[in-house]
Amino acid sequence: MPDATDVLGSLLAGGDPNEGQAAMVERTSAIEALPAASREWGEIDARSDAPRWGMLVDTERCIGCWSCAVICRSENDVALGMWWNRILTAGDDLDTPKVGEHGQLEMEWMPLACQHCSDAPCEKVCPTAATYTNDEGIVLVDADKCIGCRYCMAACPYGVRVFNWGEPEKAPGVEEGMVQARPVGTVEKCSLCVHRIGEGQEPSCVVSCPAQARIFGDLNAPDSRINRLLHDRGGDQLLKEKGTQPKVHYLPPRRRRSL
Amino acid sequence: MTTLAPPATPTSPPAERRGPRYAWYATLAVGLGIGLFSYGYQLTGGLAVTGLTNTVTWGLYIVVFMFLVGVSAGGLIVVAGSELVGSHRMESLNRLAVIVSGTAVAAAAVSIIPDLGRPFMAWQMMVSPQLMSPLVWDMAVITVYLTIAGIDLWILTRPKPMPRSLRIMAMITLPVAVLVHSVTAWIFGFLIARPFWNTAILAPLFISSALVSGTALVLIIAWTVRRVSSWEPPSHVFQDLAKLLAWFVAVDFFLLVAELVTAFTSQTEYHLAPLEMLFSGRQAPLFWGQLGFGVLLPFLVYAIPKLRARTGLLVAAAVLSVLGVFAKRVNILMPGMYEPQINLPPGASGGVPGGGFVLDQLYVPTWVEYGVVIGIGAFAATLITIGVRRWVLPQAAAEGADVEDAGDDEAARTH
Ligand code: SF4
Ligand code: SF4
Ligand code: SF4
């Protein structure tokens with residue numbers, strides 16, 4: 001039975017409370033309907049018996065194109081005005097890239113989404129356990145339990161959570177995503193495309209990146225590509241000193257990209 | 001002495017005082033109306049109608065919540081404190097103080113509701129509480145505190161005095177009061193994402209601010225009730241409260257300085273950014289205003305006997321203290337919110353369609369937030385009015401008769 005708030009929410013929105021659920025099932029199986037080549041391209045590589053999913057962003061390869069940010073929105077039906085994934089630019093503001101040695105301009109980007117912290121501050125403060133970590137290490141929000149207190153947003157050091165301040169709005173003519181939209185008054189964020197992982201597929205942002213700057217995989221599988229790269233090139237975690245132990249790692253650029 | 005007329009009960013004051021009374025009721029009704037209307041509006045539009053954003057996710061509602069939890073300290077601590085040291089000097093304030101405290105906690109509990117995105121789901125906190133969350137602890141201690149205020153009021157309004165129960169309650173009240181303010185501080189203090197809040201001094205600071213605003217509010221309300229009714233507390237209570245306030249303000253100021261100096265001398269960026277905002281940035285007018293008008297000026301009045309002897313001045317100082325503590329709450333919340341740890345262009349998403357990205361969010365409350373807060377204020381004032389009319393004024397009337405009968409005894413007792 002749909003609970004009272006969902007009914008109320010969708011009454012306000014003028015929809016049928018069950019619609020989203022049915023649509024989600026339909027849309028998820030749409031992944032199966034993808035051409036074999038696309039499916040193969042997105043397949044997750046080596047995985048262990050008890051996977052711990054992680055992401056690696058190679059900042060040397062990232063060209064700051066925002067493809068991953070845009071596909072994330074359509075994959076996850078993210079409403080207008082919100083982004084689960086943003087590309088930050090080094091420097092004081094967008095028009096003025098970072099000034100490096102000898103006054104050269106330097107280009108550097110930092111794609112930023114939920115870091116899927118192993119010791120997640122957002123999860124610790126959530127009063128209803130709406131924010132939780134699943135068996136495979138993915139930090140998720142159960143929209144049905146979220147009361148919209150936004151404590152998790154205050155607690156997240158990375159500022160990656162977004163709130164449905166009003167009734168979620170879509171751009172006209174835009175197809176809905178692969179998961180159910182979240183109701184007004186709840187918090188949401190990157191789910192590592194958990195619905196795709198279930199289908200053996202990498203997250204959308206990984207598949208879509210034209211520079212192949214994103215590497216996704218099982219941190220527990222010794223010979224996964226993510227683990228090999230981490231082993232070979234090290235890797236940074238953002239705000240490491242906070243002790244949140246993110247499962248998203250960044251590879252620093254080996255050479256400087258200057259203009 | 002004999003009186004021909006029945007003792008004048010304050011519930012039926014002389015005809016000329018009815019006007020102001022009805023005007024007051026009308027004001028309360030209008031305030032409640034504004035609050036309900038604003039909240040109704042927010043319910044239909046979601047929190048998008050507030051000035052909050054994905055960066056500044058907490059604003060006026062949370063400031064009001066902190067503030068109300070704070071002012072709830074005054075009453076109960078004054079009662080419990082003087083009870084524990086065996087002083088009866090404040091006894092005449094007991095009922096009023098407990099009513100003010102109880103009201104403040106109740107209003108604090110109410111004030112958190114408009115901040116929730118899905119208030120209808122708040123029951124989730126009971127059925128699926130996550131015990132690590134300070135918000136859950138706060139809900140628990142606030143419930144306990146409200147219950148204590150209720151029991152205290154019940155004890156104080158029995159026809160026969162119950163000194164033993166009052167003493168036991170006092171022993172329970174003090175630790176719970178300390179806990180309420182500490183837990184409320186920890187809601188902020190535990191967050192590693194906000195270095196400005198993430199300091200051990202936050203809990204003591206919340207307690208000292210709570211004592212200042214709570215005691216000042218009791219003073220203001222006692223003075224108001226005295227002016228508009230026949231209730232007459234012994235005049236020394238105002239002086240006693242002023243002396244207490246001098247100490248509370250001094251300690252509160254000391255703790256603030258201790259924190260700011262520590263943060264300032266560390267000279268690390270994430271400590272300095274919020275300080276800059278306070279000293280010379282966006283919050284500077286409120287910060288220096290708070291120190292000048294909310295701390296220094298009232299302190300002089302409380303501390304200098306000649307000044308505090310003038311009740312009018314004393315009440316004005318108390319009003320400044322309350323406003324000062326409110327400003328201080330704002331100055332605690334906003335720098336913490338304004339300074340995200342990762343702050344690179346293009347910034348955080350605006351949150352609403354067409355909101356774009358914003359690097360340096362400026363939070364300005366909307367009329368909806370002010371409206372809701374007016375409603376919460378009216379709700380608190382209504383509770384206090386009901387409480388005072390029901391429990392303080394009749395007692396005053398009874399004691400008034402008592403004093404007339406045995407004026408000498410009363411005088412002997414107070415000396
Ligand atoms: S990055 Fe933020 S939202 Fe994601 S797990 Fe860490 S604290 Fe939570
Ligand atoms: S906003 Fe939702 S997910 Fe975040 S802490 Fe509150 S209840 Fe939990
Ligand atoms: S993993 Fe999926 S949800 Fe997360 S940023 Fe990438 S596309 Fe968005």
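Readers should treat all values here as calculations from the given coordinates under stated rules, not as data from a laboratory. Being a predicted model, the structure only gives us computed values, none of them experimental. For neighbour counting, all protein chains shown are included, and Cβ atoms are generated from backbone atoms with ideal geometry for every residue, glycine included.
Summary of computed values
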{"read-out": "Spin-label pair B:His88/A:Trp41, simplified geometry with 7 Å Cα→Cβ offset, distance in nm", "value": "8.9 nm"}
{"read-out": "Cβ-based exposure ranking for B:Tyr61, B:Tyr302, B:Tyr363, in which fewest neighbours within 10 Å come first", "value": "B:Tyr363, B:Tyr61, B:Tyr302"}
{"read-out": "Charged-residue dipole, Cβ positions (Lys, Arg, Asp, Glu), chain B about Cα centre, Debye nearest 20", "value": "460 debye"}
{"read-out": "Separation of alpha-carbon centers, the range B:160-209 and the range B:44-69, rounded to whole Å", "value": "23 Å"}
{"read-out": "Residue order, fewest to most beta carbons within 10 Å, for A:Asp232, A:Asp92, B:Asp152", "value": "A:Asp232, A:Asp92, B:Asp152"}
{"read-out": "For B:Phe357, residues with placed amide H under 5 Å, excluding near neighbours", "value": "B:Gly350"}
{"read-out": "Separation between Cα centres of the range A:126-176 and the range A:78-111, rounded to whole Å", "value": "24 Å"}
{"read-out": "Given A:Lys189/A:Lys240; A:Lys98/A:Lys124; A:Lys189/A:Lys242, the pairs whose alpha carbons are separated by over 24 Å", "value": "A:Lys98/A:Lys124"}
{"read-out": "The range A:144-160 - phi-based ³J(HN,Hα) in whole Hz, Karplus 6.51/-1.76/1.60, Gly and Pro as x", "value": "5, 9, 5, 9, x, 7, 6, 5, 4, 5, 5, 8, 6, x, 9, x, 9"}
{"read-out": "Given charges at beta-carbon only (K, R positive; D, E negative), |dipole| of the protein assembly as shown in Debye", "value": "1840 debye"}
{"read-out": "B:Met162/B:Thr268 FRET efficiency (R0 45 Å; Cβ-Cβ; nearest 0.05)", "value": "0.25"}
{"read-out": "Beta bridges per DSSP with both ends in the protein assembly as shown, % antiparallel, nearest 5", "value": "85 percent"}
{"read-out": "FRET E, pair B:Glu232, B:Trp123, Förster distance 45 Å, beta-carbon r, rounded to 0.05", "value": "0.45"}
{"read-out": "Percent of alpha-carbon pairs separated by more than 38 Å within chain B", "value": "24 percent"}
{"read-out": "Considering only the range A:4-251, percent of DSSP beta bridges that pair antiparallel, nearest 5", "value": "85 percent"}
{"read-out": "Computed label-point distance, nm, for sites B:Leu174 and B:Leu307 using a 7 Å Cα→Cβ extension", "value": "3.0 nm"}
{"read-out": "Segment A:Arg228-A:Asp142, length gained on full extension (0.36 nm per residue, minus Cα span)", "value": "27.7 nm"}
{"read-out": "Charge sum, other residues only, whose C-beta stays under 13 Å from B:Ala273's C-beta, Lys/Arg counted +1 and Asp/Glu -1", "value": "-2"}
{"read-out": "Whole-Å distance, taken between Cα centres, linking the range B:310-341 and the range B:81-98", "value": "26 Å"}
{"read-out": "Cβ-based exposure ranking for A:Asp45, B:Asp252, A:Asp236, in which fewest neighbours within 10 Å come first", "value": "A:Asp236, A:Asp45, B:Asp252"}
{"read-out": "Label-point separation in nm, B:Ala398 to A:Lys170, each point 7 Å along Cα→Cβ", "value": "6.7 nm"}
{"read-out": "Relative contact order computed over chain B (Cα-Cα under 8 Å; 6+ residues apart), in percent", "value": "29 percent"}
{"read-out": "The range A:85-159: C-alpha pair distances exceeding 19 Å, %", "value": "50 percent"}
{"read-out": "Anchor B:Lys328: lysines whose Cα lies under 24 Å away (excluding residues fewer than 8 positions away in-chain)", "value": "B:Lys243"}
{"read-out": "Residues B:Ala250 and A:Glu101, FRET efficiency given R0 of 45 Å [Cβ-Cβ distance, rounded to 0.05]", "value": "0.30"}
{"read-out": "Kyte-Doolittle at least -1.0, axis length at least 24 Å by Cα - qualifying DSSP helices, chain B", "value": "B:18-45, B:60-84, B:94-111, B:134-156, B:163-189, B:202-228, B:236-266, B:311-338, B:367-387"}
{"read-out": "For A:Leu88, distant residues with modelled amide H under 5 Å away", "value": "A:Met110, A:Leu112"}
{"read-out": "Helix-only mean residue ellipticity at 222 nm for the protein assembly as shown, each DSSP H run of n ≥ 4 adding -39500 (n - 2.57), per residue, nearest 500", "value": "-16500 deg cm²/dmol"}
